[in-house]
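A short reminder: the numbers here are calculations on the coordinates, not readings from a lab. Please read all numbers here as calculations on a predicted model, not as lab measurements. As a convention, Cβ positions derive from the backbone with ideal geometry for all residues, glycine included, and neighbour counts pool all protein chains shown.
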Amino acid sequence: MRNVKLLAILMAVLLTGSLEASSDETVVKLLDLLIEKGILSEQEAAGLMEETKEAVSGTEQETPKDKVAEKPILPEPSQPPLDSRFLSVREKIDFGGDLRLRYDSQRRELEDASWDRRRPRFRLRFGMIATPTENTEVGFRLASGSGFQNTTNQSFGEHGRGKNIFIDRAYGSWEPTRWFKIIGGKHENPFFSSSLVWDSDVNLEGASQRLTFKGENVQLFSNLTQFVISELDLKSVSNNDPIMLGYQGGLITKPAKNTELQLGVTYYDYRSLDLLSSEGIGDRTTFVGYNNSHGQQMVFDANNRLLNKFGTIDLGAELRLNMTPWPLGFFGNYIKNLRSDIQLLQREGVPTEGSDPADLAAYGSDNRDTGYQFGLGYGFRGKKGDLHLQYLYQVLEDYAFPAVFVDSDFHGGGTNNRGHRARDNYFLTDNIYFQGVFFFTKRDNIAKDGKQDEDRAQLDLIFRF
């Protein structure tokens, strides 16, 4: 048994194929031991020693490393280092957002009562814009708020409960040529307009197309929009859904040095609103519910179909004088709902919960279909030390435009209002600025709903990142 072990040790040493000079002494001692035990003769040991040296010599001529080198190697795919690939992706994506801290104070006076409301509030927005190719763009933005389309404010309170975050934008765009661009999804309002018509927080849902033709001193543009108002499960009644089709044409020109003039004509065509019913009139999250509670009475016929119609034309103008040190701007908007008909609402409307067409008799034959806004401003840049000032006056009658989309801060939001707004911005740094906004407003016509005067002050600290 012991002889077998010694032979096994010898074989292990011989089969390693990697004997070094320091291992020769070990082999000699092992062979001497085998001779001493009578397992091998001296001649057998000498022959075995010679074979071992030849085997070692052969392995030195062809090492495992040499054998690996002789194998064909497939070329590795050409890829930049991981860090450079990350930089390449990062260069195609822009992240940004803002945080607004606000103190909001309101005082409202009614016929026989008055009240004050003071709210600390905030707005948080964060988004991303990616450019997968040179002519495509994908973007999204998250925002705080309560989910209403015309505000992203969130009031402090509820004993520290968590606040909601909503998808504010989610869109993709393609610009196959320099003069044509198409956007789909929930995206920024493309129209040249004002807060008389659109709150700045409103993002349209649907598709938009923009055409631009540039000349030496003039640029012509056109915006087309297909805006989904509501998706209805009423396919047995109609294959349509309430939508708004927008058509805008305009120009930007430089009539003189440091002077820029922009003009626009827009028609907002609201279709299939008659498919809406009074079912949601008590719910401010619905189209009819919000309008009805914000100065715009919704009226329904005997078949419970909405009678209010909107086909609004919007004329806008803005003049900028970029003169140092007095950069000034002047602007104005005029709108008219060509489809408003107070007489039709009274004639064909029937009383429903929360709406009685007879109340409109207080307006007589006035269709309450018009609105206008004009103002001026100082300062356009947004750099450290810059000061912006703006003043405007507006009148907005009941049925000039859907109340759900207009400025939610002016007179508490909605229509049937008139008044003044003053705003100032001061930039503490390039990305941090103070803003104060002050409203002095009242109900435009008190014949139907009575007196409602409102003064409001908003003090903001805004961080951009």
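At a glance:
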| quantity | calculated |
| --- | --- |
| Residue order, fewest to most surrounding Cβ atoms within 10 angstrom, among Met323, Met244, Met298, Met128 | Met323, Met128, Met244, Met298 |
| Extreme residue, positive dipole direction of region 173-464, given options Gln394, Phe427, Ser173 (C-beta unit charges) | Phe427 |
| Cα-Cα over 26 Å, subset of Lys163/Lys383; Lys254/Lys383; Lys186/Lys383; Lys181/Lys336; Lys92/Lys163 | Lys163/Lys383; Lys186/Lys383; Lys181/Lys336; Lys92/Lys163 |
| Per-selection metrics, region 256-307 (Cα): Rg and Dmax in Å | 18.0, 61 |
| Alpha-carbon centroids, region 341-412 and region 112-129: separation in whole Å | 21 Å |
| Inverse of mean 1/r across different Cα pairs in region 269-418, Kirkwood, Å | 17.1 Å |
| Net charge of neighbours whose Cβ lies under 12 Å from the Cβ of Asp199, counting Lys and Arg as +1 and Asp and Glu as -1 | -3 |
| Total charge dipole magnitude, region 363-409, about the Cα centre, Cβ charges on Lys, Arg, Asp, Glu only, Debye to nearest 20 | 480 debye |
| Test item: Cα-centred dipole of region 115-255, Lys/Arg +1 and Asp/Glu -1 on Cβ, debye | 520 debye |
| Dipole of region 269-346, positive end: most advanced residue of Pro327, Thr286, Val299 [Cβ charges, Cα centre] | Pro327 |
| Bins of 10 Å, starting at 0 and running to the largest distance - Cα pair percent for region 222-323 | 13, 34, 25, 15, 10, 3, 0 |
| Binned Cα-Cα distances of region 359-440, short to long, each 10 Å bin given as a whole percent | 16, 36, 27, 14, 5, 1 |
| Stokes-Einstein diffusion coefficient of region 173-464, Kirkwood radius over Cα pairs, 20 °C, 1.002 mPa s, in µm²/s | 103 µm²/s |
| Low-density loop cleavage sites - chymotrypsin sites (Phe, Trp or Tyr not before Pro) in region 317-382, where at most 14 other Cβ are within 10 Å (DSSP) | Phe380 |
| Normalised alpha carbon radius of gyration of region 100-194 [divisor 2.2 N^0.38 Å] | 1.52 |
| Dipole of region 194-275, positive end: most advanced residue of Gln262, Asn240, Val228 [Cβ charges, Cα centre] | Gln262 |
| Cα-centre dipole for region 173-464 with unit charges at Cβ (Lys and Arg positive, Asp and Glu negative), debye to 20 | 1180 debye |
| Sorted by Cβ density within 10 Å, fewest first, the residues Arg161, Arg381, Arg418 | Arg161, Arg381, Arg418 |
| Environment charge of Leu276, counting only residues whose C-beta is closer than 13 Å and scoring Lys/Arg +1, Asp/Glu -1 | -4 |
| Proximal charge balance of Pro120 [Cβ under 9 Å; K/R count +1, D/E count -1] | +3 |
| Whole-Å semi-axes of the ellipsoid equivalent to region 161-257 (Cα gyration tensor, √5λ, descending) | 30, 19, 14 |
